[in-house]
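Structure first, commentary second.
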Amino acid sequence: MSGNDLTQLGFYLLVLLLCVKPLGNYMASVLEGRRTSTLERGLYRLAGVNPDQGMTWKVYAAAFLAFNALGVLAVYSILRLQHLLPLNPQGFGALEPHTALNIAISFATNTNWQNYGGESTLSYFTQMVGLTVQNFVSAASGLAVVAALARGLASKNSESIGNFWADLVRGTLYILLPLSAILAIFLVSQGVIQNLDGYVPVADSKRVLPMGPAASQVAIKQLGTNGGGFFNVNSAHPFENPTALSNFFQVLSILLIPAALCVTFGRMVNDNRQGWALLAAMVLIFVPLLLIEAQVEVGNMEGKEVRFGTTNSALWAVATTAASNGSVNAMHDSFTPIGGLIPMFLMQLGEVVFGGVGSGLYGMVVFAIIAVFLAGLMVGRTPEYLGKKIEAFEMKMASIAILVPPVCVLLGTAISVVTPMGLSGLQDRGAHGFSEILYAFSSMGNNNGSAFGGYGANNPLVNLTGGVAMFFARYWVAWPVLAIAGSLARKKTVPVGPGTLPTHTPLFVGLLVGAVLIVGVLAFIPALALGPIVEALQ
Amino acid sequence: MSKSARFDPHIVRGALMDSVRKLDPRHQAKNPVMFVVLVGSVFTTVLGLQALTGRGEAPAPFILGISLWLWFTVLFGNFAEAMAEGRGKAQADTLRKSRRDVNAKRLDEPRYGSSYTTVSGALLHKGDVVVVETGEFIPMDGEIIEGAASVDESAITGESAPVIRESGGDRSSVTGGTRVLSDWLVIRVTAEAGESFLERMIAMVEGAKRQKTPNEIALNILLAALTIVFLMATATLLPFSIFAVNEAGKGQPVTVTVLVALLVCLIPTTIGALLSAIGIAGMDRMLQANVLAMSGRAVEAAGDVDVLLLDKTGTITLGNRQATAFVPADGVSETQLADAAQLASLADETPEGRSVVILAKEKFQIRERDLHQLGAHFVPFTARTRMSGVDLDGRQIRKGAADSIEAYVTSLGGSFPTGVRQAVESIARQGGTPLVVAEGNRVLGVIHLKDIVKGGIKERFAELRRAGIKTIMITGDNPLTAAAIAAEAGVDDFLAEATPERKLQLIRERQAEGRLVAMTGDGTNDAPALAQADVAVAMNTGTQAAKEAGNMVDLDSNPTKLIEIVQIGKQMLMTRGALTTFSTANDVAKYFAIIPAAFATTYPQLSALNVMHLASPESAILSAVIFNALIIVALIPLALRGIQYRPVSAADLLQRHLLIYGAGGVLLPFAGIKVIDMILAGLGWV
C-alpha cells in the first residue's frame, strides 16, 4: 500500500470517529424521547398509540414481530401483484412465489440479499413503496431493539423496556429520514439519478439506460445498513455511485449509525465509558482486517471500478461486511482468496463489528454478556454487566442469540453443496465454488445481504433455505435480546465496588474482542479451510 | 468429623469402581458435554467392530484406538467426580455410625423426675420430651428445658473436649447422636426422624442432595451452546468434504470416526468432565473447614458477598477487655492506685478482674495476696450496686462504672474530682472502658480497660477491602467506644448499640442497595437477622433457632470463619471460569492438528497448517484425542483443590487468570500434542 492509500484509510476513520460523538448524543436524545413534534404526536393519535405507555418485553417483542410480519406480507403482496400496480414503465410482471418470499424476508430483516436484478425485475412502485419503506422500518426496528436493551440495563425493578411504536416512529422520523434526505440530495449533486422516467434507449444499439428513483433508495440503503442496490451491480453502477466523493460519503454512511450507536448506548446506560469500550472493541477488529484487505488487493483490479481503485474497493468490502450492509462497489468474487476470506469472516463473526443499525450493537452486547460471564467466574463472583447480575436466564438467551447465526450458515451451506438444485447456479468449481456458496449463506445467515457473486441463487431451494436463514438470524437473535432486556430491567442494580469487574477498561475490551474472534474462528475454521484457505494455499 | 487425605488409596480405589458405574447413560445425560462423548464412544466402537469385519471406513486399529481414548475421556470425567465425592462418602460412613438407634426415655410430664416410657428414638416426634442421663446418647435434636450437663459432641464436630449444655440462654440446643457425659438433661424434641441435623449432614456430605447451583446451571447452558456450535461445525464437514472430493476428483470424504474425534476434541470436555467435581469439591472444602453448608447455593453466594457483618467480641477483639493503664487522681500515686485496684480485683474471677491483677504485677511488681490470710471480705458485683470490691482492715475499696462510684462516694460525703471525670471521658473516647476505683469516700483514679483487637485482623480487613468486601462491626458498645475500636481494627463501618432489630434493619438496607450480606450468629435473637442475610453462618454452639435460620453451620463455632467461607465460595467460581477458558482456548491447537489431517487426501496443500509437523494424519488425530483425555486427569487435582484465592482487585485477578488459563490454554496443547505424537511415532503405533 502506498502512503496515499494509508492516508485515505486514515482520513476515513478520522472522519467516522469525529462524527460518532455528536450523532451518538443526538440519537440518545431521540431514543430517550427528548425530541418531539406535531407530526409525531399526530401519528400517535392516528394510530391510537400512547407513546408513554411502557411495554413488558413480551409485549414489546410481540409488537416488533407483528410489525415485521406485516412488512413481509406487504412486500410479498407488492411483488406478486407488481403487474397490476402503477409506476411500472417497463411493464415488469409478477415475481415467482419463492423469489418474492425471499425478497420480502430479505428486506424486512434488514438483510437485502438480492436474488434479482433491480433494473430488470422491479417496478419503481415496488422499489419505492415495497423496498425503500422496509429499508427505513427494518433499520428503525433494529434501533428500537437496541434502545429497549439499553433501557433494560439502565432501569431498576421495572417491568417496562419502553414502547416499541414510539421507538419505531422516533428512529424513523428524527434519525433515518433527515440523514437520508441530506445524503440523497448530496448524491443527486454528484450525479446519482432520481426520476420516474422510462428507460432511455441508447442510439444505434438495442441497449437501454435504466432510469428510476435511485438516490432516495441509495441513501437509506447505506445509512440503514440495508445494502440492497437499486441496480443489479449495486454501488459499482455509475448511476448509484458516480464519483469518488459519492463513494466516500456512501462508505462513511455504512458505518456511521452503527458506530455512533455505541455512544448512544453509553449515554442511555448512564456510563459513556461503556459505549466507548464497545466501539473500541469494534475498531480493534475492524482496523487490522481493513489493513490486510487493502494490502492483499493491491494490484488486483479484476472486478473493480477504475474510478475507485483497489484501496477504496477494499475499504468498501470491509465496511459493508463489518456492518451488515452488503452493498458493493466491486465484485468480491474476483478478490484474492484472502481478500474474499476477510469479508466472509466479518459476516461470520455474527455482524457485531459495527453490524446492522441496532442489531450490530445488541449483538455486541450479547457477546459482552458472554465475556462478562466468563470473566466473572474467573474472578470468583457472580458476573454482572452494568450492575446487572448475569444469571441462567440471560445466559440461555445469550446462547441462543450467539448460536442461531452459525447454525443457519453452516446448515444452509451444507444443504446447498450436496443437492443438485443447490449446486445448479454455481459458476466456479472446486474450492472457489465452495467459497461462493459459503459466502452466500454467511451473508444471509447473518442478515448482511452482500453477494460474493458467482452463485446464481434464484431457485426454490436456495430461496427457501436462505429465507429461513435470514428469518431466524434476525428474529431468533432480536427476540432473545428483548428477553434479556426484560429480565435485566426487572433486576436491581448492584453498586460498583472494587470487587466489580470494570467493563470499560482495555483489559475487558481485549477480552471482548477475544470472545468475538474465538467464537467466530472456532465455528468457521473448518469451513473456511475448505474454501478460501485452500485457495490461498494453492 | 474425621478427616482423610484427598488421595487416600481407599478413596482412589472406590473412585475407580465408581467411574465405571457412572457410565450409566442416565447419569451421563445430566451433563450434555460428556453425554456427547459417551455417544461418540459407543458410535466409534460400533464402527471399529464393523471395521474388524473388513467393511470399515478406516483401518480397525485406528478406529478402535480413537474409540478407546474416547471411552477413557468419559471414564476420566467420571473418575474426577467420584474422587470429589470420595472423601464425603468416607465421612458419611463415619457419621452414619453415630446415627445409632437408641432407646429414648419419653417423659409423661415435661419435668425431671416424671415417669417415663422407653421408646425407640426413631419413634419420637416433635414436641416429645425426653430425659437423657449420664452415659446415654441424645436420641434426637432438641432444646434443653431443664438441667445442665457436659456433652460429648465429637461425632459431629470432631472436637473431643466435652461442652456444657444447659437450659435457657444460648447453649440450650443439643444434637441427636451426641452423648451426655455427666448429669442429666430434659429435652424437648425439635425435629422429626429423618430430618435431624445428623441426617441432613450425612445427605450433605454424600452429595445426595446436591443440586446444581445457579451459576453452574448458567455455565452448563453456555457449554451446551458451545457443544451445539461444534456439533454443527463438525457435522457439516461431511457434506463439505463430499463436495470437495467431487470437485477435486481425488481423496476420500472425511470419515465419521475423524469427525467424532474432532467433535470430542472441540467441545469443552475439560470443563465438562470436571464441572461437577469442582462443585462437589467446593462443598467438601467447606466441610474440611468444619462448616456445614445447607446448600451449594449458599456456598456459591458466599463468593459474591460484599458486606460482612462481624460481631466485635470474639471476632474482631479478643473475647475480653484487659486493663492497660492506671490513671490516678490528683494527689494519688500510680502505685497507690494499682495497689488498691489489685486488692479490689483479687477475688474477682472475671477476665477483666484478672487482667487488673496482672497489670499491677507487671507494672509495679505488686504480688498477688491471699485474701483469706488478710482477713478480707469480698464484696461481689450486684446489679443494684453495680460495683465490686473488698473490705479489709476497715478499708473499703470499690471499683465500678463512673456513675456508680460517684453515687457511692457522694453518699459517704465525698466528691468526684474533675480530673478523674476528664480521665473517664478521655478513656471512653479512645474506645476503652473506664473503671473507677475508690477507697471510702475518696476517688483514687481510673483503670483503663481496653478491648484488644486481634493481631493481624486489620491486615485481613484490608485484604477484604481490596477484594471488594466491606466489613461492618456489630457491637453493643456506645457509639464513641465503637468508633474508636472500629478505627483501630480497620473496619469500614460499625453498628453501635446494636439490637436484633437494628441488625435486621441494617441487613435489609444493604440488601436494598443490591449488596449481598453475610453474617454469623448464635443466639435466638440473631435468628431473624440470620434468616434475612444471604449467607448466614450459625455457630454450632448456638441455639436451635439460630441453626435453623442460617444456611451454614460452623461446627467450630469460630466467627472469624466467615472470611474463609467467602474465599471458598470464590475459589469454586474461579476454578470453573479458569477451566472453561482453558478448555476453549485448547481448541485452537486441536484445529491445527486435525484439520490438515482430516483433508490430507483431498487438499494436500492444507498440510501447510500442520505447524506442529505431526508424523501422520492418523497420529495427529489420535494425539489430539489422547491429549484431550489426559488433560482431564492432569487437571483433577486443580479441580479438587480449587484455584488459589488472592485478595486482589477483580481486574488484576482477571488479567492473571487470562494469562495463565487463556494464553496458557492456547499454547500448552501445541506442546502436549506434539509430545504425544512423538511418543506414538516412536513406538511405531501409527
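Enumerate the helices (runs of 4 or more DSSP H) found wholly within the stretch A:1-83, keeping only those where 3 or more residues are not assigned by TED's automatic domain parsing to the domain that holds A:Val145.
Values: elements: A:3-31, A:38-47, A:57-80.
The helices (runs of 4 or more DSSP H) meeting that bar are A:3-31.
What number of residues within the stretch B:422-464 satisfy the criterion of being of a type in the set (D, E, K, R), crowded, with 17+ Cβ neighbours inside 10 Å and touching a helix residue (DSSP H, G or I) at 6+ places or on another chain (Cβ under 8 Å)? Reasoning before the result, please.
First pass over the stretch B:422-464, keeping only residues of a type in the set (D, E, K, R): B:425, B:429, B:439, B:442, B:450-451, B:454, B:458-460, B:463.
Adding the requirement that they be crowded, with 17+ Cβ neighbours inside 10 Å leaves B:439, B:450-451, B:460.
Subset that is touching a helix residue (DSSP H, G or I) at 6+ places or on another chain (Cβ under 8 Å): B:439, B:451, B:460.
Residues in the stretch B:422-464 being of a type in the set (D, E, K, R), crowded, with 17+ Cβ neighbours inside 10 Å and touching a helix residue (DSSP H, G or I) at 6+ places or on another chain (Cβ under 8 Å): 3 in total.
Among the residues in the stretch B:580-599, are any under 20 Å from the mean Cα position of the chain (by Cα) and either within 11 Å of chain A (Cβ to nearest Cβ) or part of a helix (DSSP H, G or I) (or both)?
First, pick out the residues of the stretch B:580-599 that are under 20 Å from the mean Cα position of the chain (by Cα): none.
Checked against the condition, which is being under 20 Å from the mean Cα position of the chain (by Cα) and either within 11 Å of chain A (Cβ to nearest Cβ) or part of a helix (DSSP H, G or I) (or both), the stretch B:580-599 yields no hits at all.
Just checking, how many residues over the stretch B:566-579 are facing chain A (nearest Cβ under 7 Å) and either touching a Ser or Thr at 6+ places or on another chain (Cβ under 7 Å) or buried (at least 24 other Cβ atoms within 10 Å of the Cβ) (or both)?
Going through the stretch B:566-579, the residues facing chain A (nearest Cβ under 7 Å) turn out to be B:570-571, B:573-574, B:576-578.
Still in the running and either touching a Ser or Thr at 6+ places or on another chain (Cβ under 7 Å) or buried (at least 24 other Cβ atoms within 10 Å of the Cβ) (or both): B:570, B:573-574, B:576-578.
Total meeting the criteria: 6.
Taking the stretch A:42-99 only, how many residues are of a type in the set (Ser, Thr, Tyr) and more than 30 Å from A:Tyr199 (Cα to Cα)? Give the derivation first.
Looking only at the stretch A:42-99, we keep the residues that are of a type in the set (Ser, Thr, Tyr), and these are A:44, A:56, A:60, A:76-77, A:99.
Okay, now just the ones that are also more than 30 Å from A:Tyr199 (Cα to Cα), so A:44, A:56, A:60.
Residues meeting the conditions: 3.
Taking B:Lys212, is it modelled with pLDDT under 85, assigned to a loop (DSSP other than H, G, I, E, B) and either under 30 Å from B:Gln605 (Cβ atoms) or within 11 Å of chain A (Cβ to nearest Cβ) (or both)?
Numbers: modelled with pLDDT under 85: yes; assigned to a loop (DSSP other than H, G, I, E, B): yes; either under 30 Å from B:Gln605 (Cβ atoms) or within 11 Å of chain A (Cβ to nearest Cβ) (or both): yes.
So B:Lys212 fits the description; yes.
Check the stretch B:36-50 and report whether any residue there is out of contact with any Asp or Glu (no Cβ under 7 Å at 6 or more places or on another chain), closer than 20 Å to B:Val633 by Cα, at pLDDT below 95 and hydrophobic (A, V, I, L, M, F, W, C). Before the answer, list the steps.
Taking the stretch B:36-50 and keeping what is out of contact with any Asp or Glu (no Cβ under 7 Å at 6 or more places or on another chain), we get B:36-46, B:48-50.
Filter once more, so that each one left must be closer than 20 Å to B:Val633 by Cα: B:36-38, B:40-41.
Cutting the leftovers down to at pLDDT below 95 gives us none.
Within the stretch B:36-50 (the criterion being out of contact with any Asp or Glu (no Cβ under 7 Å at 6 or more places or on another chain), closer than 20 Å to B:Val633 by Cα, at pLDDT below 95 and hydrophobic (A, V, I, L, M, F, W, C)), the answer is no, since none of the residues qualifies.
I'd like to check something: does the stretch B:651-666 contain any residue that is under 21 Å from B:Ser619 (Cα atoms), within 14 Å of another protein chain (Cβ to nearest Cβ) and out of contact with any Ser or Thr (no Cβ under 9 Å at 6 or more places or on another chain)? Please lay out each step first, then the result.
Taking the stretch B:651-666 and keeping what is under 21 Å from B:Ser619 (Cα atoms), we get B:666.
Those still in the list that are within 14 Å of another protein chain (Cβ to nearest Cβ) too: B:666.
Add one more test, that the residue is out of contact with any Ser or Thr (no Cβ under 9 Å at 6 or more places or on another chain), and what stays is B:666.
For the stretch B:651-666, residues under 21 Å from B:Ser619 (Cα atoms), within 14 Å of another protein chain (Cβ to nearest Cβ) and out of contact with any Ser or Thr (no Cβ under 9 Å at 6 or more places or on another chain): present.
Here's the yes/no breakdown for (1) crowded, with 24+ Cβ neighbours inside 10 Å; (2) in a helix (DSSP H, G or I):
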position	(1), (2)
A:Asn270	no, no
A:Arg273	no, yes
A:Leu279	yes, yes
A:Leu284	no, yes
A:Pro288	no, yes
A:Leu291	no, yes
A:Ala314	yes, yes
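Identify, from the list A:Val494, A:Val513, A:Val519, the residue that is buried (at least 19 other Cβ atoms within 10 Å of the Cβ) and assigned to a loop (DSSP other than H, G, I, E, B).
A:Val494
Considering only the stretch B:71-104, how many residues are at pLDDT below 85 and either on the phi > 0 side of the Ramachandran plot or small (Gly, Ala, Ser) (or both)?
5
Looking for something under 21 Å from B:Val357 (Cα atoms) and surrounded by fewer than 21 Cβ atoms within 10 Å (Cβ to Cβ) - is there at least one such residue anywhere in the stretch B:407-416? Walk me through it before giving the result.
Quick first cut of the stretch B:407-416, residues under 21 Å from B:Val357 (Cα atoms) only: none.
Within the stretch B:407-416, not a single residue is under 21 Å from B:Val357 (Cα atoms) and surrounded by fewer than 21 Cβ atoms within 10 Å (Cβ to Cβ).
Give me the residue from the stretch A:399-419 that is more than 8 Å from chain B (Cβ to nearest Cβ) and buried (at least 24 other Cβ atoms within 10 Å of the Cβ) and, out of that set, nearest to the chain's Cα centre (by Cα).
A:Pro405
A:Val462 fails exactly one of the following numbered conditions: (1) crowded, with 24+ Cβ neighbours inside 10 Å; (2) at positive phi. What is the number of that condition?
Of (1) crowded, with 24+ Cβ neighbours inside 10 Å; (2) at positive phi, only one is false for A:Val462: (2).
Anything in the stretch A:517-538 that is in contact with a helix residue (DSSP H, G or I) (Cβ under 6 Å, 6 or more places away or on another chain), more than 8 Å from chain B (Cβ to nearest Cβ) and of a type outside the set (Asp, Glu)? List them, or say none.
Answer for the stretch A:517-538, where residues must be in contact with a helix residue (DSSP H, G or I) (Cβ under 6 Å, 6 or more places away or on another chain), more than 8 Å from chain B (Cβ to nearest Cβ) and of a type outside the set (Asp, Glu): A:Gly520, A:Gly531, A:Pro532, A:Ala536.
Among the residues of the stretch B:349-380, how many are under 48 Å from the mean Cα position of the chain (by Cα), assigned to a loop (DSSP other than H, G, I, E, B) and crowded, with 17+ Cβ neighbours inside 10 Å?
The qualifying residues number 1.
Can you go through B:Val132, B:Val163 and tell me which one is in contact with a strand residue (DSSP E or B) (Cβ under 9 Å, 6 or more places away or on another chain) and closer than 23 Å to B:Asp108 by Cα? Can you show your working first?
Details: B:Val163 fails: closer than 23 Å to B:Asp108 by Cα.
When all the criteria are applied, what remains is B:Val132.
Only residues that are part of a helix (DSSP H, G or I), under 14 Å from the mean Cα position of the chain (by Cα) and of a type outside the set (Gly, Ala, Ser): list them for the stretch B:285-321, please.
Kept after step one, since they are part of a helix (DSSP H, G or I), are these residues of the stretch B:285-321: B:285-288, B:296-304, B:312-316.
Adding the requirement that they be under 14 Å from the mean Cα position of the chain (by Cα) leaves B:285-288, B:296-304.
Correct list: B:Arg285, B:Met286, B:Leu287, B:Gln288, B:Arg297, B:Val299, B:Glu300, B:Asp304.
Whether any residue in the stretch B:535-555 is within 10 Å of another protein chain (Cβ to nearest Cβ), of a type in the set (S, T, N, Q) and buried (at least 24 other Cβ atoms within 10 Å of the Cβ) is what I want to check.
Start the filter on the stretch B:535-555 by keeping residues that are within 10 Å of another protein chain (Cβ to nearest Cβ), which leaves none.
No: zero hits.
I'd like to check which helices (runs of 4 or more DSSP H) are fully inside the stretch B:396-506 and have at least 2 residues that are within 14 Å of chain A (Cβ to nearest Cβ).
Numbers: elements: B:402-411, B:418-429, B:457-466, B:479-489.
Filter on the stretch B:396-506 gives B:457-466.
Based on what the data block shows, is B:Glu406 touching a residue at least 40 places away in the same chain (Cβ under 8 Å) and either under 21 Å from B:Gln422 (Cα atoms) or acidic (Asp, Glu) (or both)? Before the answer, list the steps.
Working: touching a residue at least 40 places away in the same chain (Cβ under 8 Å): no; either under 21 Å from B:Gln422 (Cα atoms) or acidic (Asp, Glu) (or both): yes.
When the stated conditions are applied, B:Glu406 does not pass them.
Any residue that is within 23 Å of A:Ser123 (Cα to Cα), part of a loop (DSSP other than H, G, I, E, B) and modelled with pLDDT of 95 or more - is there at least one of those in the stretch A:175-192?
yes
Residues in the stretch A:221-247 that are among the aliphatic types (A, V, I, L, M) and closer than 26 Å to A:Gly91 by Cα: how many? Before the answer, list the steps.
Initially, the stretch A:221-247 is screened for residues among the aliphatic types (A, V, I, L, M), giving A:223, A:233, A:236, A:244-245.
Among the residues that remain, those that are also closer than 26 Å to A:Gly91 by Cα are: A:233, A:236.
Here the count works out to 2.
Using beta carbons and a limit of 8 Å, which pairs, at least six apart or on different chains, have the first residue in the stretch A:495-516 and more than 7 Å from chain B (Cβ to nearest Cβ) and the second one of a type outside the set (A, V, I, L, M, F, W, C) and not in a loop (DSSP other than H, G, I, E, B)?
What qualifies is A:Thr503/A:Gln274; A:Thr503/A:Tyr385; A:His504/A:Arg273; A:His504/A:Gln274; A:Gly514/B:Gly662.
Out of all the residues in the stretch B:632-647, which are more than 9 Å from chain A (Cβ to nearest Cβ), aliphatic (A, V, I, L, M) and either in contact with a helix residue (DSSP H, G or I) (Cβ under 7 Å, 6 or more places away or on another chain) or touching a residue at least 40 places away in the same chain (Cβ under 8 Å) (or both)? Quick ask: steps written out before the conclusion?
We begin by selecting, within the stretch B:632-647, every residue more than 9 Å from chain A (Cβ to nearest Cβ); these are B:632-642, B:644, B:646-647.
Then keep just the ones that are aliphatic (A, V, I, L, M); that gives B:632-636, B:638-640.
Those that are more than 9 Å from chain A (Cβ to nearest Cβ), aliphatic (A, V, I, L, M) and either in contact with a helix residue (DSSP H, G or I) (Cβ under 7 Å, 6 or more places away or on another chain) or touching a residue at least 40 places away in the same chain (Cβ under 8 Å) (or both): B:Ile632, B:Val633, B:Leu635, B:Ile636, B:Leu638, B:Ala639, B:Leu640.
Quick one: which residue in A:Gly356, A:Gly425, A:Gly376 is more than 10 Å from chain B (Cβ to nearest Cβ) and either surrounded by 24 or more Cβ atoms within 10 Å (Cβ to Cβ) or closer than 18 Å to A:Ala515 by Cα (or both)? Spell out the reasoning first.
Numbers: A:Gly425 fails: either surrounded by 24 or more Cβ atoms within 10 Å (Cβ to Cβ) or closer than 18 Å to A:Ala515 by Cα (or both); A:Gly376 fails: more than 10 Å from chain B (Cβ to nearest Cβ).
Just one listed residue meets the conditions, A:Gly356.
Pick from the stretch B:239-261 the residues that are more than 8 Å from every other protein chain (Cβ to nearest Cβ) and aliphatic (A, V, I, L, M): which of them is surrounded by the fewest Cβ atoms within 10 Å (Cβ to Cβ)? Even if it seems obvious, please write down each step before you answer.
Filtering the stretch B:239-261 for residues more than 8 Å from every other protein chain (Cβ to nearest Cβ) gives B:245-246, B:249-261.
Next, only the ones that are aliphatic (A, V, I, L, M) stay: B:245, B:254, B:256, B:258-261.
Details: B:Val245: 18, B:Val254: 27, B:Val256: 16, B:Val258: 26, B:Leu259: 21, B:Val260: 24, B:Ala261: 30.
So, considering only residues that are more than 8 Å from every other protein chain (Cβ to nearest Cβ) and aliphatic (A, V, I, L, M), the one surrounded by the fewest Cβ atoms within 10 Å (Cβ to Cβ) is B:Val256.
Can you go through A:Leu179, A:Leu168, A:Leu149, A:Leu187 and tell me which one is assigned by TED's automatic domain parsing to the domain that holds A:Tyr60, closer than 22 Å to A:Val263 by Cα and buried (at least 24 other Cβ atoms within 10 Å of the Cβ)?
Details: A:Leu179 fails: buried (at least 24 other Cβ atoms within 10 Å of the Cβ); A:Leu168 fails: buried (at least 24 other Cβ atoms within 10 Å of the Cβ); A:Leu187 fails: closer than 22 Å to A:Val263 by Cα.
It is A:Leu149.
The values are calculated or read from the model by the stated rules, or taken from the named source; none is laboratory data. Computed from a predicted structure; not experimentally measured. Heads up, the Cβs are rebuilt from the backbone with ideal geometry, glycines too, and the neighbour counts pull from every protein chain shown.
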